[in-house]
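Input: a single structure, listed below in C-alpha cells.
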Amino acid sequence: MTDLAVPVTTRKDWASDQDVRWCPGCGDYSILAAMQLLLPDLGVRRENTVFVSGIGCAARFPYYMNTYGMHSIHGRAPAIATGLAVSRPDLDIFVVSGDGDALSIGGNHLIHALRRNVNITILLFNNQIYGLTKGQYSPTSEVGKVTKSTPFGSLDTPFNPVSLALGAEASFVARTHDMDRKHMQEMFRRAHEHKGAALVEVYQNCNVFNDGAFDQVTGRATREEMLIPLEHGKPIRFGAEGHKGVVMNDQGQLSIVEVEGVGEDALVIHDERRADPGLAFALSRLALGPHEPTPMGVFRAVERPDYGSQMDAQLLEASSRKGPGDLAALLSSGTTWTV
Amino acid sequence: MTSTTESPSGTGRIVKTVDRVVIRFAGDSGDGMQVTGDRFTNESAIFGNDLSTLPNFPAEIRAPAGTLAGVSAFQVHISDHDILTPGDAPNVLVAMNPAALRANVGDLPAGGSIVLNSDAFDERALEKAGYSSDPRRDGSLSSFKVYEVPMTSLTLEACKPTGAKPRDAERSKNFFALGLLSWLYHRPIDVTIGWIVERYGKSPVVVEANTLAFKAGYHFGETAELFDFSYEIAPAEHEKGTYTNITGNTALAWGLVAAAQLSSVPLFLGSYPITPASDILHELSKHKNFGVRTLQAEDEIAGIGAALGAAFGGALGVTTTSGPGIDLKSETVGLAVSLELPLLIVDIQRGGPSTGLPTKTEQSDLLHVMFGRHGEAPVPVVAAKTPSHCFEAAIEAARIALKYRTPVYLLSDGYLANGSEPWRIPAVEELPKISVDFAPARPEGADGKAEPFRPYERDRETLARSWAVPGTPGLEHRIGGLEKQDVTGEVSYDPENHERMVHLRAAKVAGIAKDIPLVEVDDPEGGARVLLLGWGSTYGAIRAAALRVRAGGRQVAQAHLVHLNPFPANLGEVLTSYERVVVPEANLGQLTKLVRADFLVDARPLTKVQGTPFRVAEIEQAVLEALAELEAPSGGEDS
C-alpha cells in the first residue's frame, strides 16, 4: 500500500464517530480541531497514525481521532509509545498528555523518552490544574495555589515543562497555546517533521477549574505585549511594532528591553539549532509564569540519532555479522556432547 | 556416595566406583566459587554424568572478605543414573577459608569429606569467621575426613613462571581446587583448559596462571598421596541425542527466541535489571540477529509498558522481572487484561516480602500473580518445573498469550534460574508450531468507506478478539483501560455490559483448560492413598521423594502442575480420588489454598521458606507421616 500516493483527506476523515465529551468551552476542543485540520496536510496515512495517551482530560484525545489509538494508564503513555515506536518505525506516533499525567505520575517516563530520543511527538496540554479529578493543584500550578487539596495554598515550586524537557536532553522543544490555531499547527507540523522525540507544551485553558490561567499571555487584548514569538535566525522582538526585545548580558542572563534604547543589533538572534542548549534554557526561564512576557515557538530543534533507528542499525549489523538467526544453531551454541 | 566398588589403579592406589556424589565448593564471594562449580559441572556433563546444580551466593557483590556473610557456594550432584535434585547434603565440602567451613559444615553428614585450604586458616581468618579455636585442632571435625591442602602457597609456587605478582597469582587458587577435585573424580581436564583459553584469552598471563594452577591441583592429587582413593562415576544412561548443560534463565531466554521464530512474530523485551532475572535480559540482548529487540527500561513499569506498546504493534511483548517488579507491573497487567493483547510477564521468584532475599529461591508469588490486580482480572499462569523445562514453558506461555490475546504469567524461581542440568537439545521440527493470524485489511466500499471495524468481536472457540495492528488499512480503532462495549469496543459504562465483559474475560481464560494437557498422575500400582501435588521447581525433590517412598515398599502417587490458571480439566477428579493430598511448596501453602477453594479437597501444605530448595528427605518424611496418620486406628479424637 505504501507505494501508492497518500489519499487526499479532509478533517472529517480524521474525526472518529465519537461524541466529544470535554466540558463546553474547554481549550482541548481547539487543540483537537487544529490537529484534525492539520493531518490532511502532513502527507500521512490514517492507518499509520497512532495516538497514545495516559489518563486525564487530555488523554481522551485518541477516542476522537479516526486513527489507531490507545487510552492507557496514568503517566505511562511515553513508555508504551516507546515500545511501539521502537518495534514499528513505520508508524507516526503521537503521545497526548497533560501536566499531571506527564510531569507528576509519569515524569520518569517523559524524561527517559526525551533523552532516548524515541521517534514520537509528545503534546503536553498544560492547564496547571487537575481537571478530571475536579480541581486539585498540579505540578505546574503556581506556588500558593488554593485548591480543594490545598486550602491554605500549595507549597511546591512548579515545573517549567520547557526547562524540564531541555534538561532531559530533548532534541525538539516548543511551546504554543490553544488560542492560536495557526501557531499550534505550525508547532505540531514542526514537531511531527522532527526525527526523534519532540515535545510541544500547549498552554490550554481549563475553563471549569482554572479559567483564565494564561489570559495575560494568550488573550487577544494582551497577546501583542506579552507573547514573545521565537523565529529562528531573527532577533527576538515583540510588542506593538516590535518595540521590545530580548538582550543577553555578559553573564548569559536574558532581559527584556526597549529596542529603541539598545538598537536592534544588540538583540539576541534566536538559534533553535544551537548544539548547546544554553540559549534555549535561558529563554525558557525568561518568564517566571504566564503573567510575564512569555516566549512561544520552537526553543530547540537539533538533529540527534533517534533511538529506534539506532536499534534497527544494531539489528542489521548483528544480522550481517552473524547471519540471520538460526534456531538450531542457537540451541547447540553451548558445549555439547552426543549420547 | 551410595554404592561403592573398589579396584586398584595402575599407581597402586584404589579407585572406588560410586554411583553418585554431591560436592559443595565454598569460599569467599571473591574466590571464584561459582566459576569453579560451573567448570566442574561442565566437565561432568561432557563426561556424560547426569547432574543437577545449586548455586548459593550472597546478595552483596563483595561482602567483607573472610566473613560468614561473604560466603559463596556451589553444590553439584553428579551420578551414573537419572537424578532429580542437587542433593540433600554434600558428601564432600571444599572450603577455601574458615568462614566457608563454618557456614557449610553443618550440612555435612558424619563421615563426609572436607578438603580445605590450610593456608587460609590463620588466627585472623579464624577470628573473622567467629571461631574461638581452630576447628582442625579442637576435635570439632572429628566425625569427618579432613584433607588439609595448602592451596594458596601451592598456587603461588605453580604460578611463579608467569611472573605474576603474588596478589594476582593467588586469585588462581580456585583453579587449583578445581584441578584437585578433577583428579579426585577422574574428570576430563582438556575441557577446562580449553575454556580457560577461551574465557581469559585477552590476558595471556591470566590464562597461563589459571592453567598452571589447575594442572598443579590435578598433579598434586596424583602425587601427594594425601588421598587413599580416587573415585569414578560412570556416565549415566541418557536417551540418544545431543546434550548441553543449561541453566533455567538461559533455557527461558532461548524458549522466548524459539517462540518468536515458531510464530513468526518478532520478539520485544522491555526489562529492568533485577536479581535473579537479569540474565534473561543479558542473554536476549545477544540475539539481535534473530530480530530480537531489547530495551533496558527506566523502571519496571516502563519495561512492561514498552512490551505492551510493542504488542499493540504486533510483537511478542515480553517483560522479565522478580517479585518486587511484579508489584510495580500489576497496573499494566490489568491494562493488558482489558486491552486483550498478548503479553508475557516472566517472574523469576525470590524470597519476599519487599527486597526480601534477592539471591534465594521461593515460590511465594503464586497468589500475587493469580490475584494481584484490582477488579476481576484473570491471567493465565504457567510454571516451569526444572531448569531445562524453562525452555518448553516459555514456548507454552507464549503460545497461550498469542492464541488467546491475553497477558500470561510465566513463573520460574531463583533455584531454576541459576541451577543447571543436562538437556537433550530438541530438533527444531519437534517444537510446537504457533500460528498467529493478524486481522486482515478491510477494503473500502463503493462509498470509499470500510465497514466499521469491531475490535472486540471474538473468535467463537477461543473467545479471543482479533489482533488488529496499526498499519493495517480499515482497522483503525481505539482501545483503552475503560470498560468496552462488547463487540464494538467503544467506551461503555452500561452495568449489564460490564457484567457481560467481566464474564467474557473470565470465560476466555477458563476456556484455555480445553487446550492444555490433562494432569498426569504417576501412581504405578494404582493403590496409593496419598497424592503428592506440586508446581514449579519442587518437581525434582517431589519426584525423588516419591521414588524413595516406593523403594521403601510404600505407595504414593505424584502429580505436578505446569498450568496453574486455568488448572488442567481433570485436576478436581484427580485430587478427590485420594484420601490425602500433600502439597510441598516453598511458601506458606499458596497452591494448597487454591485447590482447597476450587475442589473442597483435604489438601495439606508442606511448607519451607528458607531460601533453599526442599530436601528429598523432608518430603519423604511428610508422605510417611501422612500414611501413618491415615493408617492409625480411627476415632483418636473421641477416645
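The values are calculated or read from the model by the stated rules, or taken from the named source; none is laboratory data. This structure is a prediction, so every number in the text was calculated from the model and none was measured. FYI the Cβ positions are ideal-geometry reconstructions off the backbone, even for glycines, and counts take in every protein chain you see. To get the accessible areas, we keep the full protein, side chains included, count just its heavy atoms, and leave off ligands, DNA and RNA. Shrake-Rupley method; radii C 1.70, N 1.55, O 1.52, S 1.80 Å.
Of note:
- Every pair of residues 6+ apart whose Cβ atoms lie under 6 Å, when the first sits in region B:262-277 and is farther than 30 Å from B:Ala468 by Cα and in the same structural domain as B:Leu341 (by TED's automatic domain parsing) while the second is among the β-branched types (Val, Ile, Thr) and in a strand (DSSP E or B): B:Ile274/B:Thr321; B:Pro276/B:Ile348; B:Ala277/B:Thr320; B:Ala277/B:Thr321; B:Ala277/B:Ile348
- Candidates A:Ala221, A:Ala165 - the one that is modelled with pLDDT under 95 and of a type outside the set (Lys, Arg): A:Ala221
- Among the residues listed as B:Ser133, B:Ser143, B:Ser79, B:Ser172, the single one being open to solvent by 10 Å² or more (accessible area, probe 1.4 Å) and either touching a Phe, Trp or Tyr at 6+ places or on another chain (Cβ under 9 Å) or under 30 Å from B:Val15 (Cα atoms) (or both): B:Ser143
- Scanning region B:15-26 for residues that are among the basic types (Lys, Arg), within 25 Å of B:Arg350 (Cβ to Cβ) and open to solvent by 30 Å² or more (accessible area, probe 1.4 Å) turns up nothing.
- If you check A:Gly334, A:Gly297 for being at positive phi and not aliphatic (A, V, I, L, M), only one passes: A:Gly297.
- Residue within region A:106-115 that is of a type in the set (D, E, K, R), within 12 Å of chain B (Cβ to nearest Cβ) and surrounded by fewer than 20 Cβ atoms within 10 Å (Cβ to Cβ) present: yes
- Considering only residues in region A:19-51 that are hydrophobic (A, V, I, L, M, F, W, C) and assigned to a loop (DSSP other than H, G, I, E, B), the one that is surrounded by the fewest Cβ atoms within 10 Å (Cβ to Cβ) turns out to be A:Cys23.
- Of the residues making up region B:184-200, just one is over 27 Å from the mean Cα position of the chain (by Cα) and open to solvent by less than 30 Å² (accessible area, probe 1.4 Å), namely B:Leu184.
- Residues within region A:35-62 that are away from chain B (no Cβ under 13 Å), touching a strand residue (DSSP E or B) at 6+ places or on another chain (Cβ under 9 Å) and farther than 11 Å from A:Trp14 by Cβ, tallied: 2
- Selection within region A:132-162 - within 29 Å of A:Arg190 (Cα to Cα) and either modelled with pLDDT under 95 or not in a loop (DSSP other than H, G, I, E, B) (or both): A:Pro161, A:Val162
- Scope region B:49-64; condition within 18 Å of B:Thr359 (Cβ to Cβ) and in a loop (DSSP other than H, G, I, E, B); matching residues: B:Phe57, B:Pro58, B:Ala59, B:Glu60, B:Ile61, B:Arg62, B:Ala63, B:Pro64
- When the strands (runs of 3 or more DSSP E) confined to region B:211-327 are screened for residues that are more than 11 Å from chain A (Cβ to nearest Cβ) and over 15 Å from B:Leu344 (Cα atoms), those reaching at least 1 such residues are found at B:229-232.
- Residue within region B:489-510 that is β-branched (Val, Ile, Thr) and touching a Gly at 6+ places or on another chain (Cβ under 7 Å) present: no
- Selected residue (criterion: most open to solvent (accessible area, probe 1.4 Å)) from residues of region A:78-105 that are under 30 Å from A:Phe209 (Cβ atoms) and among the hydroxyl-bearing types (Ser, Thr, Tyr): A:Ser104
- Some residue of region B:404-427 being of a type in the set (Lys, Arg), over 14 Å from B:Ile246 (Cα atoms), modelled with pLDDT of 95 or more and in contact with a strand residue (DSSP E or B) (Cβ under 8 Å, 6 or more places away or on another chain): yes
- Where a residue in region A:304-323 is free of Cβ contacts under 8 Å to residues at least 24 places away in the same chain and its partner, wherever it lies, is open to solvent by less than 80 Å² (accessible area, probe 1.4 Å) and part of a helix (DSSP H, G or I), with Cβ under 6 Å and at least six apart: A:Gln314/B:Lys288; A:Leu315/B:Lys288; A:Ala318/B:Lys288; A:Ala318/B:Asn289; A:Ser319/B:Asn289; A:Lys322/B:Asn289
- From the options B:Pro422, B:Pro443, residue that is out of contact with any helix residue (DSSP H, G or I) (no Cβ under 6 Å at 6 or more places or on another chain), open to solvent by 10 Å² or more (accessible area, probe 1.4 Å) and either outside the structural domain of B:Thr275 (by TED's automatic domain parsing) or touching a residue at least 60 places away in the same chain (Cβ under 8 Å) (or both): B:Pro443
- Of all residues in region A:127-144, those satisfying the criterion of being more than 24 Å from B:Asp299 (Cβ to Cβ), crowded, with 20+ Cβ neighbours inside 10 Å and in contact with a strand residue (DSSP E or B) (Cβ under 7 Å, 6 or more places away or on another chain) are A:Asn127, A:Gln128, A:Ile129, A:Gly131, A:Tyr137.
- Test: residue in region A:63-84 that is outside any helix (DSSP H, G or I), among the hydrophobic types (A, V, I, L, M, F, W, C) and more than 14 Å from every other protein chain (Cβ to nearest Cβ): no
- Among residues of region B:275-289, those that are open to solvent by 20 Å² or more (accessible area, probe 1.4 Å) and closer than 19 Å to A:Thr82 by Cβ, counted: 2
- Taking region B:540-626 as the region of interest, the strands (runs of 3 or more DSSP E) fully inside it that hold 3 or more residues being in the same structural domain as B:Gly527 (by TED's automatic domain parsing), open to solvent by 10 Å² or more (accessible area, probe 1.4 Å) and modelled with pLDDT of 95 or more are B:603-607.
- In this entry, B:Gly317 is excluded by the filter for residues that are over 24 Å from the mean Cα position of the chain (by Cα), crowded, with 22+ Cβ neighbours inside 10 Å and within 21 Å of A:Ile73 (Cβ to Cβ).
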